[in-house]
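Chemist: Provided herewith is a single structure, encoded as structure tokens, for subsequent inquiry.
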Amino acid sequence: MLRFAATRLISLSLSLLAASVVIFAVIEVIPGDPASFMLGLNAEPDTVMALRDQLGLNGSILSRYLSWIGGMLSGDFGTSYTYRVPVSELILARIWISLPLAIYALLLSTLIAFPVGLIAAARRGKASDIGIMASTQLGIAVPNFWFAMLLVLVFAINLRWFSAGGFPGWDQGFWLGLKSLTLPAIALALPQASILARIMRSSLLDTLDQDYIRTARAKGLSRRQTITRHALRNAMIPVLTIIGMQFSFLLAGAIIIENVFFLPGLGRLIFQGITQRDLIVVESVVMLLVFAVISVTFLVDLAYAMADPRLRRRK
Amino acid sequence: MSLLSVKNLCLAIGTLEILRNISFNLGKGEVFGVVGESGSGKSMTALALMGLTPGFAITSGRAELDGTDLINLSEGEMCALRGNQIAMIFQEPMTALNPVQTIGDQVAETLIIHKRANRREARKIAREKLNRVGLPAEQFPLDRYPHELSGGQRQRVSIALAIALRPKLLIADEPTTALDVTTQAQILDLLKSLVAEEGMALMLITHDLAVVAGIADQVAVMQNGEIVEVGPTAQIFRQMRHPYTRQLFAASGHVPARDPQTEDAPLLTVTDAVRTYAMPRSGLFSRPPPFPAVNGVSFTLNKGENLGLVGESGCGKSTLTRAILGLEPLQGGQISLLGQPVGPKMPNSLRSAVQVVFQDPYGSFNPRWKVARLVAEPFHLQPNVPADWHQQVADALVSVGMVERDMDKYIHEFSGGQRQRIAIARALILRPELIVLDEAVSALDVSIRAQILDLLADLSDRLDLSYLFISHDLGVVRAITDRVLVMKDGKIVESGPTGQVFTNPQHAYTQQLIAATPRLPDA
């Protein structure tokens with residue numbers, strides 16, 4: 001198991017390295033010079049050159065790549081061209097919204113999906129199964145920003161239980177912060193929960209068809225016992241993959257929801273960075289997201305190995 | 001008094017009668033063999049006794065186990081009985097165990113579920129039971145997972161968890177069908193000794209008459225959901241009163257009439273063939289160690305000859321087959337067909353000289369194509385599809401005993417035997433020199449198998465075909481081949497004329513194989 005984790009960790013660092021090269025190269029080749037963007041259309045060429053020097057855009061590609069990587073490893077992400085503050089500050093301010101939101105949404109999605117998928121599988125073909133399948137279909141089909149607006153309309157404007165948007169900051173109290181993330185988390189979780197519930201159901205049904213379930217029944221286990229003792233853990237294996245993919249999506253893909261609820265998250269930061277040619281921000285945030293995705297993949301791999309002994313090799 | 005007494009057991013799904021008036025008695029310490037072909041109701045009889053029939057099946061009649069009628073028990077009462085008084089093992093050892101639970105936990109679970117022991121005691125008893133079935137603690141600690149064991153070892157684990165509570169009745173449904181002959185012999189020995197020592201009764205379900213002949217005290221022959229004949233084994237095999245019993249018996253030992261015309265011209269030559277696979281890497285950057293699946297194999301197949309290749313699973317038969325078909329490259333030696341080299345880059349004209357029929361008649365066809373297109377597919381190997389391809393497909397179907405109309409049907413409309421005929425038609429369509437038959441009759445019932453063997457023998461005589469007949473079933477190889485190769489661990493250990501190898505095997509491994517093969521008593 002340790003050896004498995006170690007090999008996974010090495011391949012994880014290699015993927016990170018490869019990703020950093022790709023991100024750097026893409027930012028190099030895309031058109032748009034931050035210096036000329038900052039100085040406007042009528043800037044003199046000398047002024048642009050001077051600003052490029054100041055921003056560190058004039059060195060050789062290799063030296064710039066190395067200084068970028070070196071800086072990031074020591075926690076220095078560079079200075080934003082437009083905000084004129086360290087990128088790390090910008091990220092830090094926003095990650096405390098995006099990360100809790102992603103985790104919150106994922107928790108909700110999992111907490112809804114597991115029991116729902118389980119009930120649907122256990123009552124295959126009965127009314128409750130058909131009802132669940134129909135509503136998850138709806139959950140996938142409804143666009144989450146529309147659903148978000150509906151939530152705002154009902155719970156913020158009519159019932160006044162939640163605020164319609166914005167984030168007060170964690171320093172105002174944990175519960176207040178959590179409360180303002182609740183509607184966005186629900187809006188994000190609904191389609192994810194629908195997908196996860198369907199996968200949970202089909203995975204569990206596949207597992208219940210396996211020969212070892214019949215063996216378990218022949219041992220004297222009841223239907224319920226075969227599900228809890230044998231089917232669940234086996235059915236978890238494909239479900240874990242989806243959970244890992246969903247977390248990555250929730251962390252970076254919440255741009256629309258962040259806009260609907262006026263949340264200053266990572267999605268909005270990267271969007272602004274792109275429109276303002278603030279390339280150092282874009283580079284660093286993308287790298288951070290890649291790091292998050294790869295770390296989650298690593299955790300999912302470990303979870304796999306824990307769930308499935310066939311993946312850990314006997315020493 | 002008998003332990004199990006079944007009277008007029010019937011089972012229906014909707015209006016379809018699956019079992020009709022099944023009646024038999026089984027005494028303590030007795031082995032009761034149930035034989036029949038697929039769909040005869042053997043497994044359904046077992047499932048009905050276990051109360052594990054599909055939810056919508058309606059069961060009637062009586063089945064008393066020590067005076068308790070199993071048919072009318074509630075699901076809760078049945079759960080208390082299953083694994084405790086009556087246990088069952090199944091055909092597929094590779095999938096019958098939970099892959100994410102250790103073997104120790106799976107055996108112990110039987111005891112824990114029935115509240116007969118706490119976890120610690122249960123694991124202790126599990127250890128004893130695993131020892132009993134021949135899995136000693138040194139090599140097979142309780143924390144082993146099923147994927148670390150071979151098929152035979154997994155079947156032993158299944159037996160251990162079935163006998164953990166010393167049930168009165170053990171039902172074994174084709175327990176050795178998926179195993180090699182030598183492993184089969186060991187498992188049958190184990191079952192026999194368990195019956196003798198633990199005093200339980202064994203209901204052994206199998207399609208193989210020879211298996212029951214060697215072990216059962218009583219035999220029931222089933223056909224279409226009915227027991228057509230039941231009685232003491234020796235008497236059944238001696239008298240064979242029912243025509244179906246006679247038919248089964250004849251089909252089991254069927255030898256097709258052949259008129260071999262072997263020319264002394266080599267068609268396929270394999271010289272020092274080596275095929276290695278990469279094993280899993282031991283570290284992230286280390287080179288994967290090679291594993292030689294085929295290790296220096298040489299033989300020649302002459303025109304018109306039927307050559308058999310026998311060996312147990314993992315011996316390299318299938319790897320060699322893929323190399324002969326030119327699907328995979330060799331790492332050493334060479335294969336030539338009609339004097340031209342065989343390999344992944346061989347020309348289509350050479351490819352059309354060798355065709356193949358695989359084991360699984362269900363998996364080897366595209367379910368969305370009609371038979372005409374399936375059979376005509378090899379024409380893609382030719383530069384132009386012949387104008388009369390439709391007629392050629394019809395002829396090929398007729399030559400394998402199908403009719404022209406079948407061209408417009410889909411493959412799911414056919415039975416296993418019919419599908420195998422269509423597979424043979426597909427192999428014949430290009431008039432190849434050589435057909436590779438990779439376990440081509442292994443998945444078929446005995447009577448269908450006999451028909452397909454007759455067909456193959458007839459085609460080989462009529463069309464002057466050569467066969468490379470690959471099988472783990474020695475009886476079939478003996479019936480249809482002129483010469484046989486015995487393969488073990490990637491090497492050919494013995495070769496010679498079939499009759500000679502079978503009557504006077506020279507290599508110890510061949511002797512072991514032949515000794516392990518169950519034999520039908522002489523009628």
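Yes/no matrix, rows are residues, columns are (1) over 23 Å from B:Lys192 (Cα atoms); (2) more than 10 Å from every other protein chain (Cβ to nearest Cβ):
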residue	(1), (2)
B:Gly104	yes, yes
B:Glu109	yes, no
B:Ile113	yes, no
B:Arg119	yes, yes
B:Phe140	no, yes
B:Asp143	yes, no
B:Pro146	yes, no
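Chemist: Which of the residues spanning the range B:206-236 are touching a Gly at 6+ places or on another chain (Cβ under 8 Å), outside any helix (DSSP H, G or I) and not charged (D, E, K, R)?
Modeler: B:Thr206, B:His207, B:Ala216, B:Gln218, B:Val219, B:Ala220, B:Val221, B:Met222, B:Gln223, B:Asn224, B:Gly225
Chemist: Please find, within the range B:305-318, the residue that is surrounded by the fewest Cβ atoms within 10 Å (Cβ to Cβ) out of those that are out of contact with any helix residue (DSSP H, G or I) (no Cβ under 8 Å at 6 or more places or on another chain) and at pLDDT below 90. Even if it seems obvious, please write down each step before you answer.
Modeler: Of the range B:305-318, the ones out of contact with any helix residue (DSSP H, G or I) (no Cβ under 8 Å at 6 or more places or on another chain) are B:305, B:307, B:314-318.
Narrowing further to those that are at pLDDT below 90: B:314-318.
Values: B:Gly314: 15, B:Cys315: 24, B:Gly316: 23, B:Lys317: 22, B:Ser318: 18.
Ranking the qualifying residues of the range B:305-318, first place goes to B:Gly314.
Chemist: In the range A:265-279, how many residues are out of contact with any helix residue (DSSP H, G or I) (no Cβ under 6 Å at 6 or more places or on another chain) and closer than 16 Å to A:Val85 by Cβ?
Modeler: Residues meeting the conditions: 3.
Chemist: Could you list, in sequence order, all residues of the range B:76-101 that are more than 7 Å from chain A (Cβ to nearest Cβ), modelled with pLDDT of 90 or more and within 19 Å of A:Gln210 (Cβ to Cβ)?
Modeler: Passing the criteria: B:Ile89, B:Gln101.
Chemist: Return the residues of the range B:43-58 that are at pLDDT 90 or above and in contact with a Ser or Thr (Cβ under 8 Å, 6 or more places away or on another chain); say none if nothing qualifies.
Modeler: B:Met44, B:Leu47, B:Ala48
Chemist: Based on what the data block shows, is A:Ala197 within 23 Å of the chain's Cα centre (by Cα), closer than 30 Å to B:Pro54 by Cα and among the small types (Gly, Ala, Ser)?
Modeler: So A:Ala197 passes the test.
Chemist: Restrict the check to the range B:136-145 and report whether at least one residue is crowded, with 23+ Cβ neighbours inside 10 Å and in contact (Cβ under 8 Å) with a residue 24 or more places away in the chain.
Modeler: So the first thing to find is which residues in the range B:136-145 are crowded, with 23+ Cβ neighbours inside 10 Å, and the list is none.
No: the range B:136-145 contains no residue that is crowded, with 23+ Cβ neighbours inside 10 Å and in contact (Cβ under 8 Å) with a residue 24 or more places away in the chain.
Chemist: To continue, here is another question. In the range B:202-246, which residues are without any contact (Cβ under 8 Å) to a residue 40 or more places away in the chain and of a type in the set (Val, Ile, Thr)?
Modeler: Those that are without any contact (Cβ under 8 Å) to a residue 40 or more places away in the chain and of a type in the set (Val, Ile, Thr): B:Val228, B:Ile236, B:Thr245.
Chemist: Still on this structure: Tally time: how many residues in the range A:117-130 are farther than 21 Å from A:Leu240 by Cβ and surrounded by 13 or more Cβ atoms within 10 Å (Cβ to Cβ)?
Modeler: Within the range A:117-130, the first condition is being farther than 21 Å from A:Leu240 by Cβ, and the residues that meet it are A:123-130.
Checking the rest, the ones that are also surrounded by 13 or more Cβ atoms within 10 Å (Cβ to Cβ) come to A:123-124, A:128-130.
The total comes to 5.
Chemist: Please work out which residue is surrounded by the most Cβ atoms within 10 Å (Cβ to Cβ), limiting yourself to the range B:121-135 and to residues that are within 14 Å of another protein chain (Cβ to nearest Cβ) and either in contact (Cβ under 8 Å) with a residue 40 or more places away in the chain or among the small types (Gly, Ala, Ser) (or both).
Modeler: B:Ala126
Chemist: Would you check which residues across the range A:216-233 are farther than 15 Å from B:Ile112 by Cβ and either modelled with pLDDT of 90 or more or more than 9 Å from chain B (Cβ to nearest Cβ) (or both) and list them? Don't jump to the end; show me each part of the working.
Modeler: Taking the range A:216-233 as the starting set, the residues that turn out to be farther than 15 Å from B:Ile112 by Cβ are A:217-218, A:223-224, A:227, A:231-233.
Hits for the range A:216-233 are A:Arg217, A:Ala218, A:Arg224, A:Ile227, A:Ala231, A:Leu232.
Chemist: Continuing with this model, one more query. Within the range B:381-418, can you find the residues that are over 33 Å from the mean Cα position of the chain (by Cα) and outside any helix (DSSP H, G or I)?
Modeler: Passing the criteria: B:Gln382, B:Pro383, B:Asn384, B:Val385, B:Pro386, B:Ala387, B:Asp388.
Chemist: A further question follows. Give the residues of the range B:389-414 that are in contact (Cβ under 8 Å) with a residue 12 or more places away in the chain and among the polar types (S, T, N, Q), sorted by residue number.
Modeler: B:Gln392, B:Ser399
Chemist: Still on this structure, I have one more. Among A:Leu108, A:Leu90, which is the only one that is within 30 Å of A:Ile227 (Cα to Cα), buried (at least 18 other Cβ atoms within 10 Å of the Cβ) and under 20 Å from the mean Cα position of the chain (by Cα)?
Modeler: Exactly one of A:Leu108, A:Leu90 is within 30 Å of A:Ile227 (Cα to Cα), buried (at least 18 other Cβ atoms within 10 Å of the Cβ) and under 20 Å from the mean Cα position of the chain (by Cα), namely A:Leu108.
Chemist: Here's another thing I want to ask about it. Tell me, which residue of the range B:148-174 that is within 11 Å of chain A (Cβ to nearest Cβ) and acidic (Asp, Glu) is surrounded by the most Cβ atoms within 10 Å (Cβ to Cβ)?
Modeler: Once the filter is applied, the top-ranked residue is B:Asp173.
Chemist: Out of B:Arg127, B:Arg119, B:Arg123, B:Arg156, report the one residue that is modelled with pLDDT under 90 and not acidic (Asp, Glu). Break it down stepwise before answering.
Modeler: Values: B:Arg127 fails: modelled with pLDDT under 90; B:Arg123 fails: modelled with pLDDT under 90; B:Arg156 fails: modelled with pLDDT under 90.
Step by step, each of B:Arg127, B:Arg119, B:Arg123, B:Arg156 is checked, and only B:Arg119 is modelled with pLDDT under 90 and not acidic (Asp, Glu).
Condition check ((1) among the polar types (S, T, N, Q); (2) surrounded by 17 or more Cβ atoms within 10 Å (Cβ to Cβ)) across all residues:
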position: B:Asn8; (1), (2): yes, no
position: B:Thr15; (1), (2): yes, no
position: B:Arg20; (1), (2): no, no
position: B:Leu26; (1), (2): no, yes
position: B:Val34; (1), (2): no, yes
position: B:Gly39; (1), (2): no, no
position: B:Lys42; (1), (2): no, yes
position: B:Thr53; (1), (2): yes, yes
position: B:Gly67; (1), (2): no, no
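Chemist: If you scan the range B:49-75, which residues turn out to be within 13 Å of chain A (Cβ to nearest Cβ) and touching a strand residue (DSSP E or B) at 6+ places or on another chain (Cβ under 9 Å)?
Modeler: Across the range B:49-75, the qualifying residues are B:Leu49, B:Met50, B:Gly51, B:Leu52, B:Thr53, B:Pro54, B:Phe56.
Chemist: Given the criterion closer than 21 Å to B:Ile324 by Cα and touching a residue at least 24 places away in the same chain (Cβ under 8 Å), identify the matching residue among B:Ala479, B:Ala440.
Modeler: Exactly one residue qualifies, and that residue is B:Ala440.
The values are calculated or read from the model by the stated rules, or taken from the named source; none is laboratory data. Just so we're clear, the structure is a prediction, and the values are computed from it rather than from any experiment. Cβ coordinates were reconstructed from backbone atoms using ideal geometry, including for glycine residues, and neighbour counts include every protein chain displayed.
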